[in-house]
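For reference, the structure is listed below as structure tokens.
Just so it is clear, none of the values below were taken in a lab; they were calculated from the coordinates. Owing to the predicted nature of the structure, the values given are computational and were not obtained by experimental measurement. Using ideal geometry, Cβ is built from the backbone for each residue, glycine included, and neighbour counts are taken over all protein chains shown.
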């Protein structure tokens, strides 16, 4: 009987129109530039604010609970177990990326316990990018892709790729902050790809009751 080892995954979720309208209003009211706090080779990244913790309370809390339930026995490998008392979670950083042609996000991970990315506007289709000669002739076409990188039980590096197109607008990926990922550049459009990201951390100022 062939068996596989348990592993840690992520959640893919389509957001409601209400959530998306809320996030777009946050983008309009963006704060200070955030480039120096990020790994991205992107010119325009800005802090955004979750007004009255609205997105966190209505969407992120339920996603945290769903993910913890799905983790099962893997929970100890994701959520730190070094504290004497349980802390609540908090949306510790929240920002918007305006990614232009040729810009990219190298292989990296995030701080915190959980992280997420939400695509708001994707102006380019992977199928069109794949027609470019230097992409089409490659055995690893990655233009206009988002990619997770992880190791298998043999220590080999594997990846899971999202070939981005309009269909992923409004999609959120929710994953452990330590999960390595890469955002590849696009080349065939002068428009801007807009995405929102955030990190969720433990809040030592708020201890949960037993």
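Side notes on the structure shown:
- Spin-label proximity, residue 167 to segment 14-52 - amide N less than 15 Å from point 7 Å beyond Cα toward beta carbon: 14
- Extending 7 Å from Cα along the Cβ direction at residue 88 and again at residue 157 yields two label points whose distance is 4.0 nm.
- The calculated FRET efficiency for the pair residue 68 and residue 207, based on their C-beta separation and a Förster distance of 22 Å, comes to about 0.75.
- Each of 68, 127, 3 was scored by other Cβ atoms within 10 Å of its Cβ. Listed from fewest to most, they are 3, 127, 68.
- Calculated on C-alpha atoms, the gyration radius of segment 1-41 divided by its Kirkwood radius gives an Rg/Rh of 1.26.
- For Kirkwood radius over Cα pairs in Å, calculated from these coordinates, the label among [x] 18.9; [y] 17.9; [z] 18.4: [z]
- Computed FRET value (nearest 0.05) for residue 46 with residue 109, which takes r as the C-beta separation and R₀ as 22 Å: 0.55
- Per-residue Cβ neighbour counts within 10 Å put 179, 164, 70 in the sequence 70, 179, 164, beginning with the fewest.
- Exposure proxy order (Cβ contacts within 10 Å, fewest to most) of 167, 103, 205: 205, 167, 103
- Potential lengthening between residue 121 and residue 134 on full extension [0.36 nm per residue; Cα-Cα distance subtracted]: 2.2 nm
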